[in-house]
Structures are given as C-alpha cells and as structure tokens.
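Reading through the structure tokens given below for one structure.
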Amino acid sequence: MRIRLLSLAIAISCTLLPSPASVQEQVDLATTQRIKEEGLERSQALDLYRTLTDELGPRLTGSPEHDAAAAWARDRFREWGLADARLEPFEFGRGWTLEKLSVEMTAPRYMPLTGYAEAWTPSVRGVLSGRVVYVGDKTAGEIEAMAPSLRGAIVLTSLPQTEFLDADRPQPGLSADPMRTGNPSIPRVQATTSAQQMRGLLQRAGAGVALRPSPYRDGTVGVGGRRTTADDAVPSIVLAAEQYNMLVRMTESEASAELRIELRTRFDPDTPTFNVLAEIPGTDPALRDEIVLVGGHLDSWHAALGATDNGDGTIAVMEAMRILAALNVRPRRTIRVALWSGEEQGLLGARAYIEQHMADPASRDRLAVYINDDPGSGATRGFYMQGNAAAKAIFDAWLEPLRDLGVTRNIPEGIGSTDHVPFNDIGLPAFTVIKDFDAYDERTRHTNTDFPDRMTEDELAQSAVFLAHFAWQAAIRDQKIPRPQSEP
C-alpha cells in the first residue's frame with residue numbers, strides 16, 4: 001500500500017504531555033511538531049536517494065563503489081554540522097568489481113539473455129563461444145565421465161526451475177493478529193548432483209563457465225555471491241529462469257543452443273571496508289556519554305542499485321540526522337548515526353562496531369537503545385519489539401503522534417537477519433522498523449530489479465521523520481530503554 005503524506009495536516013499540541021497509550025510516558029510533542037515540519041516541508045530525502053542510487057550505484061562490500069558511497073555519506077554529515085563524522089575501518093578481505101558481462105544466444109537464432117555474474121566469481125578466459133552442455137540431471141559419476149567434453153564448455157548445472165518465490169511475506173503492522181516474522185523461504189535451485197560436488201567436478205574438468213537459473217519469475221534474477229570463492233573457481237552466472245529453462249529444453253532437440261559469453265571481473269587486494277559514523281553530542285552532564293544509536297546498512301548486492309535493500313533505509317537514517325541537525329537540537333544523550341558495511345555478508349559492520357566500541361560491560365551499559373532501518377520498503381509502520389514488553393509500552397506512547405503519517409503499531413514479535421541482531425544477542429535493546437513488503441521479497445530484494453522507482457518521495461520523508469522522532473524521544477528520556485527481560 002502506498003500513501004501520500006505531504007498533504008496531511010500537521011496538527012498536534014506543542015507541549016510536553018502524557019501519551020494516551022501510557023500515562024507514565026512523556027512525549028515531547030513540541031519537537032515532534034518541528035521534526036514534522038522540517039522533514040515533510042523541506043525534505044532533502046529524494047535528492048539524497050537519487051544520488052545514492054542513480055549516481056553512486058550498487059555498493060557491494062569491499063568495492064570502490066561502496067567506498068565512494070561511504071565517503072559521500074560522511075561528507076554529507078560534515079556538511080550538516082554533525083560531530084566526528086568519519087569512516088571507521090574493519091578488515092573484510094578481497095574486493096571485487098564487475099567490469100564487463102554479456103550473455104548472448106547466437107544459434108539457432110540471436111537472442112540477448114538476462115544474466116548476472118555472482119559476486120567474487122573470476123573472469124571467463126577471453127570470449128567463450130560454443131554449444132551448451134547440460135549436466136543438471138546427471139550424477140556425479142556421469143559428470144566425471146563427461147570430463148573431456150566439459151573442458152572450456154558452457155555448462156548448464158541445474159534442473160529446469162519449476163518453483164518460484166512469487167509472494168511476499170505477510171504484511172506486518174497492518175493487523176492485530178500475531179505475526180510470523182522472518183525472511184520467506186526461497187525455492188531451491190536443484191540438480192541431481194549437489195552444488196558442492198558440482199563445483200569440484202567442473203573445476204577439475206576445466207569447465208569454461210557454469211550457468212544456473214534464478215528462483216524468481218518473469219525475468220527477475222536473484223544474485224549474491226561468496227567472498228571466499230577461489231581465484232581459480234569456474235566462473236558462475238545466474239540466468240533468468242525462463243531463459244535457462246529454454247536452454248535446457250533446447251538440449252533435448254536437434255536445435256541445441258550456442259552461446260557467446262564475455263565476463264571480466266577484477267579482484268582487489270585484501271582491504272578494509274568502512275562503517276560511517278557521526279553524531280550530535282549530548283548536553284546533559286549526567287547522560288551525554290550514553291548513546292542513542294540510529295543505523296542501517298549502506299552496502300548492497302551488485303545486480304541493481306540497492307534501492308530498497310537498503311538504499312531507502314540509508315536515506316531515512318541520513319535524512320533523520322539532517323532534520324535534527326537543521327533544528328539545532330540539544331539532546332541530553334548523544335545521538336550517533338551508523339551506516340554499516342558488510343551486512344549482506346553476515347552483519348559484519350554491526351559486529352565490528354560492537355567489537356571496537358562495546359567490548360566490556362561498562363561500554364555496553366552506555367547504549368541507551370539502537371534503532372535500525374532495514375527490511376522492507378515503502379512507509380514505516382512501527383517497530384518489531386523483539387519480545388521486549390517494557391520497551392514496547394514506551395514505544396507505543398511515542399508512536400501516537402505519528403498516527404497521521406500512516407504509522408500503525410509496534411508488534412511484540414522479533415525479526416532476524418539485520419543489524420539490530422548482534423546488539424540483541426548481547427542483551428541490549430535494539431529494534432528494527434516495520435516496513436511494507438509490497439513486491440519486496442518476490443521482486444526487489446537481492447535482485448536485478450532493485451531500483452528507486454519502487455519508492456516515493458513521501459515514503460522516504462515519512463520514514464525519516466519517524467526515525468528522527470524516535471531518536472529524539474530516546475535521547476531526552478530520563479532512563480535508558482529497558483533491556484530485554486527487564487522491568488521499566
């Protein structure tokens with residue numbers, strides 16, 4: 001569901017009042033009013049979003065493109081007057097860049113094919129042309145016996161794809177029913193021989209390139225990669241499922257397809273990658289060393305522009321900080337922003353931050369709360385509360401002034417697979433936002449269709465206002481947000 005926000009009236013009392021959701025929790029409505037006015041009437045979110053996606057492009061961890069985006073974000077924080085804006089490095093490993101890719105069918109007719117190289121795959125030697133060889137239905141022994149015909153060959157490694165990810169997960173925040181959270185199950189790409197065995201057999205045989213189908217429909221290609229891929233591995237390309245299935249069918253006829261493939265990639269030496277950090281310093285002598293952390297991951301996969309995973313979250317976080325800086329707020333606690341790297345490879349940036357900044361109980365105790373913006377796209381509805389009932393009562397009170405912006409509710413359930421998880425794992429209050437899943441799972445997430453057209457200016461502005469409001473309320477509250485399983 002897409003909503004229009006900028007036309008909504010901003011009509012709230014400009015006083016510090018108890019929220020109807022909790023007679024005990026105070027909400028600074030006056031600053032929320034100012035946040036709304038700045039964020040909805042003078043939003044810079046769309047311009048920032050277009051720069052991040054259209055101009056800077058995909059941001060694979062360890063790539064020059066990611067480093068450029070990180071430097072750009074740091075420079076914006078400096079421009080807005082945030083303190084200590086910096087790139088904080090941590091070790092990652094090899095970088096990887098795609099320099100050239102074309103996949104074409106040249107016989108029995110010409111047809112360009114939709115394919116994407118897996119990240120960290122090596123180059124194809126020269127331009128590879130020839131008939132495809134199908135081994136998806138072969139046992140390991142049969143493939144081994146075919147070794148002479150596989151040397152330098154274009155190999156179809158999987159069975160035809162017949163199951164697809166064609167629905168989003170349930171939409172949270174729109175119903176009072178208990179939610180089942182978590183990523184949807186992606187149908188497997190299958191073959192008679194296991195993927196691990198297949199890789200070894202093709203490598204020993206000297207295959208030229210391995211092709212497999214995507215488990216998405218209608219030309220959508222989901223593609224990731226393994227940063228541990230060996231330099232001498234068989235290059236790997238993922239094709240649109242319908243085109244891959246066509247090639248398999250053609251091997252069963254006299255008109256077997258011939259392809260021409262060019263793939264050039266570059267490995268960069270082992271290199272650090274960077275989290276981007278900046279802050280608005282706290283002013284209360286008793287509380288200024290405590291941190292309200294606001295973040296999302298800057299990195300993306302490489303087949304599109306990383307617009308909904310997680311460009312929209314990145315911009316919501318950045319614009320929230322711009323709003324607060326433009327208002328020249330003076331929070332009691334420090335509000336720190338973090339744009340993480342390496343989320344897609346295992347929440348690496350958030351884990352590195354914890355290792356670098358929160359190695360002992362005293363430093364962990366200084367974290368008041370972490371609020372994260374990642375999965376989903378579109379408008380923000382509330383938070384996944386990770387089973388923290390005491391925190392939910394507080395967040396429910398803070399949610400009330402945002403009802404006019406399409407915010408609905410915080411849900412008790414938790415969700416995994418994003419950067420709040422490492423903080424939760426060490427007993428800290430950390431939550432990620434609820435967003436719409438309209439065409440997110442089945443279309444844009446980790447695919448070649450993750451472009452900014454899915455997002456509207458209003459949705460970007462709404463999400464930024466939401467984060468700025470929650471960060472501010474957390475930064476002025478007398479107490480930190482309750483830890484999991486603790487009392488308020």
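Would you please name the residue that is surrounded by the fewest Cβ atoms within 10 Å (Cβ to Cβ), looking only at residues in region 287-339 that are under 22 Å from Arg477 (Cα atoms) and of a type in the set (Gly, Ala, Ser)?
Per the criteria, the residue is Ala326.
Considering each residue of region 72-94, count those that are crowded, with 16+ Cβ neighbours inside 10 Å and assigned to a loop (DSSP other than H, G, I, E, B), and give that number.
Residues meeting the conditions: 2.
Quick check on region 420-441: of everything there that is touching a helix residue (DSSP H, G or I) at 6+ places or on another chain (Cβ under 9 Å), surrounded by fewer than 24 Cβ atoms within 10 Å (Cβ to Cβ) and not acidic (Asp, Glu), which residue is farthest from Ala471 (Cα to Cα)?
The residue in question is Ala439.
Out of all the residues in region 95-115, which are surrounded by fewer than 19 Cβ atoms within 10 Å (Cβ to Cβ), assigned to a strand (DSSP E or B) and either out of contact with any helix residue (DSSP H, G or I) (no Cβ under 8 Å at 6 or more places or on another chain) or not polar (S, T, N, Q) (or both)?
Step one: of region 95-115, the residues surrounded by fewer than 19 Cβ atoms within 10 Å (Cβ to Cβ) are 97, 99-102, 104, 106-112, 114.
Narrowing the set further to residues that are assigned to a strand (DSSP E or B) leaves 97, 99-102, 104, 106-107, 111-112.
Passing the criteria: Glu99, Lys100, Leu101, Ser102, Glu104, Thr106, Ala107, Met111, Pro112.
Looking at region 119-168 only, could you name the residues that are among the hydroxyl-bearing types (Ser, Thr, Tyr) and in a helix (DSSP H, G or I)?
Taking region 119-168 as the starting set, the residues that turn out to be among the hydroxyl-bearing types (Ser, Thr, Tyr) are 121, 123, 129, 134, 139, 149, 157-158, 162.
Matches in region 119-168: Ser149 only.
Name the strands (runs of 3 or more DSSP E) wholly inside region 214-333 in which the number of residues that are in the same structural domain as Phe423 (by TED's automatic domain parsing) and in contact with a strand residue (DSSP E or B) (Cβ under 8 Å, 6 or more places away or on another chain) is 1 or more.
On the way: elements: 236-239, 258-280, 291-297.
The qualifying strands (runs of 3 or more DSSP E) are 258-280, 291-297.
Select from region 432-483 the residues that are in a loop (DSSP other than H, G, I, E, B) and within 23 Å of Arg288 (Cα to Cα) and write down the one among them that is farthest from the chain's Cα centre (by Cα). Break it down into steps so the answer makes sense when it comes.
Looking only at region 432-483, we keep the residues that are in a loop (DSSP other than H, G, I, E, B), and these are 437-439, 445-446, 448-451, 455-456, 477-483.
So of that shortlist, the ones also within 23 Å of Arg288 (Cα to Cα) come out as 477-483.
Working: Arg477: 30, Asp478: 33, Gln479: 31, Lys480: 28, Ile481: 26, Pro482: 27, Arg483: 26 Å.
Applying the filter and picking the extreme gives Asp478.
Being surrounded by 15 or more Cβ atoms within 10 Å (Cβ to Cβ), in contact (Cβ under 8 Å) with a residue 60 or more places away in the chain and either acidic (Asp, Glu) or not in a helix (DSSP H, G or I) (or both): is that true of Gly39 here? It would help to see each step written out before you state the result.
On the way: surrounded by 15 or more Cβ atoms within 10 Å (Cβ to Cβ): yes; in contact (Cβ under 8 Å) with a residue 60 or more places away in the chain: yes; either acidic (Asp, Glu) or not in a helix (DSSP H, G or I) (or both): no.
Here the answer is no, as Gly39 does not meet what is asked.
When the residues of region 125-147 are filtered to those that are surrounded by 13 or more Cβ atoms within 10 Å (Cβ to Cβ) and of a type in the set (Lys, Arg), which remaining residue is nearest to Leu101 (Cα to Cα)?
Arg131
Return only the number of the condition from (1) at pLDDT 95 or above; (2) under 18 Å from the mean Cα position of the chain (by Cα) that Ile323 does not satisfy.
Result: Ile323 passes all but (2).
Go through region 222-239 and give me each residue that's touching a Leu at 6+ places or on another chain (Cβ under 7 Å) and hydrophobic (A, V, I, L, M, F, W, C).
Going residue by residue through region 222-239, those that are touching a Leu at 6+ places or on another chain (Cβ under 7 Å) are 234-235, 237, 239.
Within region 222-239, Val234, Ile237, Leu239 qualify.
Which residues, taken from region 343-371, are in a helix (DSSP H, G or I) and surrounded by fewer than 16 Cβ atoms within 10 Å (Cβ to Cβ)?
The first filter runs over region 343-371 and keeps only residues in a helix (DSSP H, G or I), leaving 343-345, 348-357, 361-365.
Selection gives Glu355, Gln356, Pro361, Ala362, Ser363, Asp365.
Give region 139-151 a look and list any residue that's over 20 Å from Pro235 (Cα atoms) and touching a helix residue (DSSP H, G or I) at 6+ places or on another chain (Cβ under 9 Å), or say none. It would help to see each step written out before you state the result.
Applying the first criterion (over 20 Å from Pro235 (Cα atoms)) to region 139-151 yields 139, 141-142, 145.
The answer is none; no residue qualifies.
The values are calculated or read from the model by the stated rules, or taken from the named source; none is laboratory data. This structure is a prediction, so every number in the text was calculated from the model and none was measured. All Cβ positions, even for glycine, are placed from backbone atoms using ideal geometry, and neighbour counts span all protein chains on display.
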